[in-house]
Amino acid sequence: MPPNNIVLIGFMGAGKSAVGAELARILGRQFCDIDREIEDEFGMSISNIFATKGEAFFRDSEIKMCSRVALYENIVISTGGGCFLSAENAINLSKNGIVFYLQVAIDTALKRIHNDKCRPMLDGCDAENTARLLMARREPIYEHFADFIIDANGSIIETVNLILRDLSKVGEPIPV
Ligand code: S3P
């Protein structure tokens with residue numbers, strides 16, 4: 001069976017959650033945001049999970065959540081920016097999913113996440129430098145697992161339309 005989930009990956013500030021929700025609405029599919037599912041599971045924000053239980057606990061929860069979510073069919077899945085750093089997550093979600101890497105320039109990402117208090121990876125450090133370092137390290141990984149690379153520097157709807165254009169190439173019926 002061809003992969004039928006749609007999986008959005010990319011750096012913080014790429015718009016994965018907002019684009020995923022809108023894409024799911026247009027396609028009439030269910031939407032699943034891995035970070036929101038983890039927050040619901042523990043009844044805490046991601047920032048709180050990082051602060052009270054640590055990053056390793058979050059990454060472990062992310063792996064468990066991805067393996068569960070990968071079993072769904074025909075849904076749109078948004079991932080956190082570090083999700084595909086785990087080969088296990090990448091393999092699980094790619095097995096039954098077309099992977100779209102929402103690519104943004106570092107300056108776009110920085111503008112979008114500026115003053116955002118819910119990015120624990122950038123807390124308590126020089127956020128701009130750390131973001132640049134993380135982006136440089138992660139970009140090759142996102143590219144490696146991407147079936148399609150999407151320019152996500154524009155608006156939510158522009159990004160959604162670029163995804164729809166690529167989906168139509170792989171035979172997804174696009175509502176008019
Ligand atoms: C993370 C990105 C976050 C969230 C967590 C870790 C990362 O998601 O999963 O704070 O390592 O880049 P967003 O990409 O939605 O900000």
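The values are calculated or read from the model by the stated rules, or taken from the named source; none is laboratory data. Computed from a predicted structure; not experimentally measured. Positions of Cβ are generated from backbone atoms using ideal geometry, with glycine treated the same way; all protein chains shown enter the neighbour counts. Accessible surface areas use protein heavy atoms only, side chains included; no ligands, DNA or RNA. Shrake-Rupley method; radii C 1.70, N 1.55, O 1.52, S 1.80 Å.
Would you work out if region 13-131 is rounded, prolate or oblate? Take a ≥ b ≥ c from the square roots of the eigenvalues of the alpha-carbon gyration tensor; rounded if a/c is under 1.5, else prolate when a/b is larger than b/c, oblate otherwise.
Cα axes put region 13-131 in the oblate bin.
Excluding ligands and nucleic acids, what accessible area in Å² is computed for ASP60 using a 1.4 Å probe, to the nearest 10?
70 Å²
What are the ³J(HN,Hα) couplings of region 40-55, residue after residue, when phi is run through the Karplus curve with 6.51, -1.76, 1.60 and θ = phi - 60°? Round to Hz, x for glycine and proline.
So the J values, rounded to whole Hz, are 5, 4, 9, x, 9, 6, 4, 4, 5, 4, 4, 5, 9, 10, x, 5.
Given a 1.4 angstrom probe, what's the average accessible area per residue across the chain, in square angstrom?
With the other protein chains kept in place, the chain gives 50 Å² per residue.
Once neighbouring chains are kept in place and the probe is 1.4 Å, which whole percent of the accessible area of region 5-168 is contributed by carbon and sulfur?
52 percent
Work from the charge dipole of region 1-129 (Cβ charges, +1 for Lys and Arg, -1 for Asp and Glu, about the Cα centre) and give the residue of LEU122, TYR72, ILE26 farthest towards its positive end.
Working it through, the farthest residue towards the positive pole turns out to be ILE26.
Show that you can apply the helix-only estimate: for the chain, add -39,500 (n - 2.57) for every DSSP H stretch of four or more residues, divide by all residues, and state [θ] at 222 nm to the nearest 500.
So the helix-based figure for the chain works out to -16500 deg cm²/dmol.
Please arrange ASP35, ASP40, ASP123 by accessible surface area, largest first, computed with a 1.4 Å probe and ligands excluded.
Order by accessible area, largest first: ASP40, ASP123, ASP35.
Highest mean first, what order results for 21-31, 111-121, 5-15, 82-92 on Cβ atoms within 10 Å?
5-15, 82-92, 21-31, 111-121
By a straight-distance test (C-alpha under 25 Å), which lysines pair with LYS95 as possible cross-link partners, with residues fewer than eight away in the same chain excluded?
Straight-distance partners of LYS95: LYS16, LYS64, LYS169.
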